[in-house]
Structure formats: structure tokens, C-alpha cells
1. Residue by residue through region 293-326, note down the ones that are within 22 Å of Thr171 (Cβ to Cβ), in a helix (DSSP H, G or I) and hydrophobic (A, V, I, L, M, F, W, C).
2. Checking Gly128 against (1) crowded, with 17+ Cβ neighbours inside 10 Å; (2) over 15 Å from the mean Cα position of the chain (by Cα), which test does it fail?
3. When region 132-158 is examined, which residues are found to be crowded, with 17+ Cβ neighbours inside 10 Å and touching a residue at least 40 places away in the same chain (Cβ under 8 Å)?
4. In this structure, is Gln226 at pLDDT below 90 and of a type in the set (S, T, N, Q)?
5. Count, please, the residues in region 13-35 that happen to be outside any strand (DSSP E or B) and within 26 Å of Ser195 (Cα to Cα).
6. Any chance you could count how many residues in region 76-94 are β-branched (Val, Ile, Thr) and outside any helix (DSSP H, G or I)?
7. From the list Ala181, Ala222, Ala231, exactly one residue is surrounded by 19 or more Cβ atoms within 10 Å (Cβ to Cβ), assigned to a helix (DSSP H, G or I) and in contact (Cβ under 8 Å) with a residue 12 or more places away in the chain. Which is it?
8. Quick check: is even one residue across region 13-36 over 19 Å from the mean Cα position of the chain (by Cα) and either crowded, with 19+ Cβ neighbours inside 10 Å or not assigned by TED's automatic domain parsing to the domain that holds Gln179 (or both)?
Amino acid sequence: MEQRLGRVELADGTVVACASVGSGRPLVYVSGWLTHLELGWALPAERALYEALAHGCRLVRYDRAGCGLSPATDRPPSLEFELTHLDAVTAGLDARFDLMGISMGAPVAAAWAAAHPDSVRRLVLYGGWARGAEVSPPAVCDHVLGLVESHWGLGSDLMTDIFAPDADGPTRAGAARYQRACSTAATARALLALSYDLDVTGLLGRVRVPTLVVHRRDDRAAPLAQAEVLAAGIDDAELVVLPGRSHLPYAGDRDALVRTVRRFLGLPLARRRADGLTPRQREVAALIAQGCTNREIAERLGIDERSAEGHVERILLRLGFRSRAQIAAWYSARRDLG
């Protein structure tokens with residue numbers, strides 16, 4: 001899959017970058033705190049999430065103002081401003097669409113669905129909350145905000161530890177660099193403050209669309225109790241609690257999350273081999289077992305070296321390995337078994 005980049009303009013002239021991948025009924029994805037449409041797409045784990053969601057539908061994402069490919073603006077973050085982003089992004093969609101909110105995007109998506117019940121077909125809220133003030137004690141919030149503002153390097157490291165506690169060291173370091181590339185420290189601080197200020201408890205009763213609330217049981221960034229508040233406040237909402245501690249949807253057991261969401265949206269569940277690899281990934285694994293470098297893999301398969309590198313990284317993620325040697329040993333063992 002390849003994503004298509006575009007842009008929309010808000011009534012006040014603010015420009016918002018957007019991207020879509022796949023085809024079919026739209027699934028509008030309201031991201032969490034910080035995003036970058038191009039850099040996120042280049043991260044194997046994050047891209048794998050988007051590709052898995054986009055099978056059989058058209059996944060639409062966007063960078064909020066001041067993040068990623070969207071230019072900065074003088075307008076301060078607010079729930080109203082967030083909703084105008086969604087107004088602009090969804091204005092060109094012809095039919096009713098599914099709406100999925102992640103982290104701080106969950107209360108935003110809930111508020112938008114409450115105001116536009118005729119436009120939303122189904123609503124998914126992952127890792128979210130109804131009242132930001134209940135996410136962390138005030139002293140903790142103040143400490144985190146101060147660190148992000150005064151030392152963006154340490155602040156991004158701290159946020160990564162909270163968002164993806166089970167990731168290995170290199171993955172956490174990469175995620176921290178990604179956050180710093182998404183926005184300035186000032187924008188990161190302002191958006192994080194907004195996440196703590198959001199309160200949609202009074203709007204939940206107005207959500208009239210089928211809703212799935214899904215949350216990881218030991219999420220360190222958003223307490224499960226707030227997912228329960230979301231589900232209790234929306235009539236007939238379904239609450240699904242998955243095991244795990246990672247807040248980022250593409251960290252931890254990504255496949256379980258994708259299956260849960262696709263089942264609720266009525267999308268077919270992806271079929272994979274028992275080992276979880278695609279045919280192309282098995283070809284790459286076979287070449288790794290032969291001792292080929294990424295350049296040699298690219299030459300053998302007629303692809304560029306960067307694509308070969310991406311295949312290797314996806315295999316590592318899929319199999320839960322950390323080295324090429326593990327892939328080679330795994331492939332050789334399976335081959336020997338017949």
C-alpha cells in the first residue's frame with residue numbers, strides 16, 4: 001500500500017495535511033498527541049497498523065495544526081479547534097464513514113460524533129478518556145508539562161517510557177526521536193495540556209451511533225477506569241479490554257487490537273499463514289537464512305534496498321525477534337521440519 005498525501009484548509013486559513021490509503025468506505029482516524037504523516041508511515045510498526053486497518057476500506061489520517069506536515073498556527077489548541085480539523089477533513093467524504101479516535105483523539109472523536117450523528121456509521125475509541133483531569137494526579141501532570149517545555153529531549157524520553165513500556169531500548173529511542181521530529185516543545189506542551197483539560201462527560205449521552213470502546217488493561221498513560229466511563233456514558237457501547245501495558249496502538253499486541261476493531265466495523269479479518277508472514281516476507285526470510293545483506297536481497301527480488309530493509313524490520317516485528325540471526329535460525333528450523 002502507498003499513502004496519498006493532500007491538504008485541507010480551515011475557515012480561518014489554517015492548513016491541515018491529510019493522507020489516505022486503501023479504498024472503500026472511509027475510516028477517519030483521529031490520532032493521539034503528536035503525529036507526522038510521512039515519518040509515521042516510514043516506521044514499520046506504525047505503518048503495519050495503518051495497512052492492517054486499511055484493508056477493505058479507505059483509511060484517512062491527518063496531522064493537527066503545528067504537527068508533522070501541518071504548518072504552525074497562532075491559534076491555541078482547544079476542543080473547538082480540534083473539531084474544526086475534523087470538519088475540514090471529513091467535508092469531502094461523500095458517504096457516512098467510520099470514525100476512530102486514539103488517545104486524546106478519542107474524546108475528540110466522541111464529541112464530533114455527538115454533534116454529527118448522521119455522518120458517523122460506527123465509532124471506535126481506543127486508549128481514551130472522558131475527563132482528562134482524571135488521567136493523572138495534578139502534580140504528575142505539572143511535572144510532565146514542565147519537563148516537556150523545559151527539556152524536550154528528556155520530556156520525549158519520559159513520554160515514550162509511559163506510552164510504550166514494553167518496547168526495547170532502540171525502539172524507545174526511535175519513538176522519542178519521532179516525537180521531537182513531530183513538533184516543537186511549545187506545541188507538544190500545549191497539546192499535552194489540552195489532553196489534560198478535555199472533558200466530554202456531558203456530551204457522551206448525545207452519542208447515538210454504535211460504539212466500541214477498547215482499552216489495554218494496564219495502560220500506563222490512560223487508566224482503564226476512564227474507558228469504563230466512556231462506555232458507561234454512551235448508550236449500548238461495547239467495552240473490550242485487551243491485555244497489555246502499551247498505550248501506543250501499534251505497540252504490544254497490535255494484531256489483537258486490529259482484529260477487535262475490524263470485527264466491530266464489519267471488515268473481513270485478514271488471513272495470514274500460521275507463522276504470520278506474507279509470501280514476500282517469507283522470501284526475504286529465506287534470503288536472510290542464506291546470509292544475504294539487504295542490498296543482495298533487493299537485487300535478488302528486484303526491489304530497492306530501502307524496501308528490503310522495511311521487509312526485514314516487519315519480519316522482526318511480526319516474529320518478535322531482535323536480530324537477523326534469529327530470523328535465519330527460525331527459517332532454517334521450519335525448513336528442516338519440512
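The values are calculated or read from the model by the stated rules, or taken from the named source; none is laboratory data. Every value quoted in this text rests on a predicted model; they were computed, and no experiment measured them. Note that we place each Cβ from the backbone using ideal geometry, even for glycine, and neighbour counts take in every protein chain shown.
1. Within region 293-326, Ala308, Val312, Ile315, Leu316, Leu317, Leu319, Ala325 meet the criteria.
2. All conditions pass for Gly128, except number (2).
3. Within region 132-158, Gly132, Val135, Ser136, Cys141, Val144, Leu145, Val148 qualify.
4. no
5. Of the residues in region 13-35, the ones outside any strand (DSSP E or B) are 13-14, 23-25, 31-35.
Imposing the further condition that a residue be within 26 Å of Ser195 (Cα to Cα) reduces the set to 13-14, 31-35.
Counting residues in region 13-35 that are outside any strand (DSSP E or B) and within 26 Å of Ser195 (Cα to Cα) gives 7.
6. The total comes to 0.
7. Values: Ala181 fails: surrounded by 19 or more Cβ atoms within 10 Å (Cβ to Cβ); Ala222 fails: assigned to a helix (DSSP H, G or I).
Exactly one of Ala181, Ala222, Ala231 is surrounded by 19 or more Cβ atoms within 10 Å (Cβ to Cβ), assigned to a helix (DSSP H, G or I) and in contact (Cβ under 8 Å) with a residue 12 or more places away in the chain, namely Ala231.
8. Yes, region 13-36 has at least one match.
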